[in-house]
Amino acid sequence: MSVGLLVDVMLGLALVGLSLRVVTGQSLFSDIVQFILFGLVVALSWSRLGAPDLALAEAAIGAGLTGALMLMAYRRLVQGGGEDAVRIGPRPLLALPVAALTGTLVAVIGLVALGVQRVAGAAGDRVLEALPGTGLGNPVTGVLLVYRGLDTLLELAVLLVALLGAWAVSGDAAPGRLHQVDRRTPLVGALLTSMAPLTILIATHLLLAGTDAPGGAFQAGAVLTGCGVLLVLTGTLRPTAAAGLVTRLLLVSGLAAFVLIGVGAVALGRPTMTMPGTWAIYLVETAIMVSIAVTMTLLFARSRGLAPERS
Amino acid sequence: MSPAEAVGLALVVVGCGFYGAGTVGLLRFPDVYSRLHALTKADNQGLFFVVLGLGVLAGHWRVALLLIAIWLVGLVSAAVSAHLIARHARRSDRRHTSRTARP
């Protein structure tokens, strides 16, 4: 057995074991921690499968951001209702048959996928052939922005609707005061001054690298959200009850830039959602990154807006 | 196997040894402070050796320097999170002698 296969088998076993422990655990907190761990193993699996773009997205969004959101939700539950609020009740009886059915479905799809013959001239091949014409080197970015732009646009709309839904559910309640880490603590201050600029640098790098190498707006937005989460947790950004004009503009900038350029193409006599050049791709990607970062940071802070806190 | 490859592999193995020791410490030490001690000390050292080994295996200065940068970022985050966990443990004055994880 080769070392690579051994690693793959270990990853596969870890995935199954962790997913079982996530849904059968006795404490909500350890379930969340194991879910984050699960996301990291998924990221490793994607990179073993030769999909670094997905691995980056899973590590940043699946494990990192979702984990942070879940831990924040856990803390609010404990703050609001004590230990009773996070107690795990009896499992629904339907869980086992549903799990069995889903497992069978996945197994059947997997078996069918193993037997599928490679079709010449499939969509993937044609993307790779046509890619040089777009000025992009990374086929994933090409698919996201050029070939399946509408899908990406709708994904952004879903993200915006999710935030609006969270706002609607949280009502007009004043943004919850968090127990914050004092940023005057020497180590926390050092973390802030070293990591916040670094996250911006890494996000910019991921965005620019996304045209030719693994990376792109979604990963960059997730890393930038990390900066936002850090600023919210240390109290550098304070949750506010109303969204200012700048916040609103930043929230919709991704959608707006995408729609304007995509529909503007029609005025130039091209098909809808075509990108008129690499500059347009950079522009749309930058706007998407900012939108994602602002949306996710607001979700994390459970607030309408954010304002810098003067100390 | 070239000498550089042998050195790189040996460094990675040494790093894994440190990780193993840190994990044993995390599982076996009695309270939160000594567990943190095991984790931060051993794992930072382990990451250093792994990074050094991978840098040697990559055989490229740019890759090696980027890996060192990753190690430095890991050092900062490990130091801060260990500090915050330890401070929280001391303030809440809770004896973390049980094996179960607690927030």
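Of note:
- Among the protein heavy atoms of chain A, carbon and sulfur supply 73% of the accessible surface, probe 1.4 Å, non-protein parts ignored.
- Mean sequence separation of contacting Cα pairs (under 8 Å, at least six apart), scaled by the length of chain A, corresponds to a relative contact order of 18 percent.
- Averaged over the residues of A:143-151, the number of partner chain Cβ atoms lying within 10 Å of the residue Cβ comes to 0.
- Working from label points 7 Å from Cα in the Cα-to-Cβ sense, the A:LEU249 to A:GLN26 distance is 5.5 nm.
- Across chain B, the convex hull enclosing all Cα atoms gives 83 Å³ per residue.
- Inverse of mean 1/r across different Cα pairs in the range A:1-117, Kirkwood, Å: 16.4 Å
- The range A:1-80: relative contact order as a whole-number percent, Cα under 8 Å and 6+ apart: 27 percent
- Minimum 20 Å² accessible area buried by the other protein chains, the range A:12-50 residues, probe 1.4 Å, relative to alone: A:PHE29
- Average accessible area per residue (Å²) across the range B:1-60 - probe 1.4 Å, nucleic acids and ligands excluded: 57 Å²
- Legend: residues in the range A:58-80 shielded by at least 10 square angstrom of accessible surface upon adding the remaining protein chains to the isolated chain (1.4 Å probe, heavy atoms) are A:TYR74.
- Computed over the alpha-carbon atoms, the protein assembly as shown gives an Rg to Rh ratio of 0.97, Rh here being the Kirkwood radius from the mean inverse distance.
- In this structure, the amide hydrogen of A:THR240, modeled 1.01 Å from its nitrogen in the peptide plane, lies closer than 5 angstrom to those of A:ARG304, A:GLY305, A:LEU306, A:ALA307, counting only residues at least 5 positions away or on a different chain.
- Chain B, relative contact order [Cα under 8 Å, separation at least 6], %: 31 percent
- Fully extending the segment from A:LEU96 to A:LEU283 would add 62.5 nm, taking 0.36 nm per residue of separation and subtracting the current Cα-Cα distance.
- For A:GLY137, the amide hydrogen comes within under 5 Å of the amide hydrogens of A:ASP212, counting only partners 5 or more places away or on other chains and with H modelled in the peptide plane.
- Quarter of Cα convex hull surface for the range A:47-205, i.e. mean projection, nm²: 15.8 nm²
- With viscosity 0.890 mPa s and temperature 25 °C, the Kirkwood radius over alpha carbon pairs of the range A:139-311 converts through Stokes-Einstein to a diffusion coefficient of 144 µm²/s.
- Between chain A and chain B, roughly 800 Å² of accessible surface gets buried, counting both sides and using a 1.4 Å probe.
- Calculated accessible area for the range A:139-311 comes out at 48 Å² per residue, all protein chains present (probe 1.4 Å; ligands, DNA, RNA ignored).
- Sum of -39500 (n - 2.57) over DSSP H runs of 4+, divided by residues of chain B (222 nm, nearest 500): -29500 deg cm²/dmol
- Extending 7 Å from Cα along the Cβ direction at A:ASP125 and again at A:ILE109 yields two label points whose distance is 2.5 nm.
- The P(r) of the range A:185-274 has a tail past 21 Å containing 52 percent of all C-alpha pairs.
The values are calculated or read from the model by the stated rules, or taken from the named source; none is laboratory data. Values in this document were obtained by computation on a predicted structure and should not be read as measured data. Heads up, the Cβs are rebuilt from the backbone with ideal geometry, glycines too, and the neighbour counts pull from every protein chain shown. These accessible areas exclude ligands, DNA and RNA; they are computed on the full protein's heavy atoms, side chains included. Shrake-Rupley method; radii C 1.70, N 1.55, O 1.52, S 1.80 Å.
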